[in-house]
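Q: First, the structure itself, so that you have it in front of you.
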Amino acid sequence: MPDERNFTWQDGERTIRFGRGTVAQATELLGSGYVLLTTPRARTLAPRVVDAADETHDVPDGFVDELAGDLVERLGVTDATLIVALGGGRVIDTAKAVAAATGRHAAAIPTTLSSAEMTAVHRRAAGTRQDVPGVRPRIVINDPDLCASQPLQQLAASSANALAHAVEGPLTTQSSPVPSIAGRDAARLIADAWMDEEEPDREALALASLLAGYSIDGNWYGLSHVCSQTLVRVGGAGHGQANAVVLPHTTAALRRRFPERLERLDKALGGGDGAAEALAVELARLANASRIRDLGVPQDALDACADAAAGRAELDLTPPRADRDELRAIYEAAW
């Protein structure tokens, strides 16, 4: 029988390796001589990947466009054609942005459930034209011992991020059956994994993140991600917690638009009406992100968040397009 938790997936131009222990094979897949972007925590999880790099740069906190713009200027003289990300969503998105700006390829070894390794979604490096094509990593090495390695509270927030991909992807105007099926399966895996909140099934969460990323890459995103991303960029919230805090409210707004599709998701989760929102509420509780106020975002920042979110083109992908009043109401309900 095939092992559903240890596999190699050849998806067009990209190779996806999933399973416990796969990071030990990373240098075989990556080859020699690459530029590595990482963090101090991630370095300790894969020292062989660090040792094999031509040059290594730690990615600090900050916005991806600014971080990538700075790195483009600081890259050493190297013939390396591959930018490897060892880290979470910020690190992976920065690597994709650097690759797009410099004409290189990208690879990713995720250490959170961001799903960024599965998509070509990222901001462009500062100083780079906005119409430069996005980069999707050509090599993805998802080892659950790394991908789901965060402490429980952070893991719950990261799980909410993956769940947001799984919920929203199948609802967009660009959705199609295969990535939508992957999204529903990802949501089921997340629900099952957190049945034991003291020690969730981390292997299942890593697989869910991969499938959720595949869903959002194929289907794109809309209302929920606009709200969470804006709360990060304008309100200053952390990325995982921003997803966790808005998801119960954005899922309810999406249910008003797509009741039949959310009913299918409820059934996939093995629950009754509102099972998707209930899972989102539980993850927010576990992430200590039930209210926006608890994330350090003041109430007077909500107007600016609503104004910025209202200008995002992605809102058209989950019609009817949310207007500024609805966005403000979502933020207020979550505050």
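The values are calculated or read from the model by the stated rules, or taken from the named source; none is laboratory data. All of these numbers come straight from a predicted model, not from anything done at the bench. Because the Cβ atoms are built from the backbone with ideal geometry, glycine has one as well, and the counts that use them run over all protein chains shown. Note: areas computed on protein heavy atoms with side chains; ligands, DNA, RNA excluded. Shrake-Rupley method; radii C 1.70, N 1.55, O 1.52, S 1.80 Å.
Q: Mind checking which of Asp70, Asp93, Asp266 has the largest fluctuation in a GNM of the chain, springs on alpha carbons under 10 Å?
A: Asp70
Q: Let me ask you something else. So what is the calculated 222 nm ellipticity per residue for the chain, using -39500 (n - 2.57) for each DSSP H run with n of 4 or more, over all residues, to the nearest 500 deg cm²/dmol? Mind showing how you got there, number by number?
A: On the way: 15 runs with 169 residues, N = 335.
Calculated at 222 nm, the ellipticity per residue is -15500 deg cm²/dmol.
Q: Something else about it: Can you give me the angle between helix 324-334 and the longest principal axis of the chain, using Cα atoms only, in degrees from 0 to 90, rounded to the nearest 10?
A: Long axis of 324-334 versus the principal axis of the chain: about 90 degrees.
Q: Taking just the alpha-carbon atoms of segment 213-306, what radius of gyration and Dmax come out, in angstrom?
A: 13.7, 39
Q: Taking the chain as the reference, fit the longest principal axis to its C-alpha atoms, fit the long axis of helix 239-257 to the helix C-alpha atoms, and give the angle between the two in degrees, 0 to 90, nearest 10.
A: Taking Cα atoms only, the helix is inclined about 40 degrees.
Q: For the chain, which whole percent of the accessible surface, found with a 1.4 angstrom probe, sits on carbon and sulfur atoms? Working shown, then result.
A: Numbers: 6660 of 13390 Å².
Carbon and sulfur: 50 percent of the exposed surface of the chain.
Q: Counting only heavy atoms of protein chains, what accessible area per residue, in Å², does segment 200-329 have with a probe of 1.4 Å?
A: 38
Q: Let me ask something else. Express the accessible area of segment 1-118 per residue in Å², computed with a 1.4 Å probe while the remaining protein chains stay in the model.
A: Counting only protein heavy atoms, the per-residue value for segment 1-118 is 43 Å².
Q: Next question, about the same structure. To test your reading of the geometry: what angle, between 0 and 90 degrees and rounded to tens, separates the Cα axis of helix 89-102 from the longest principal axis of the chain?
A: The angle comes out at about 60 degrees.
Q: Here's another thing I want to ask about it. Relative to the compact-globule scaling 2.2 N^0.38 Å, provide the ratio for the alpha-carbon radius of gyration of the chain.
A: Details: Rg = 18.8 Å, N = 335, 2.2 N^0.38 = 20.0 Å.
The reported ratio for this selection is 0.94.
Q: While we're here: Taking 45 Å as R0, compute the FRET efficiency from the Cβ-Cβ separation of Glu66 and Gln25 and round it to 0.05.
A: So the FRET efficiency works out to roughly 0.85.
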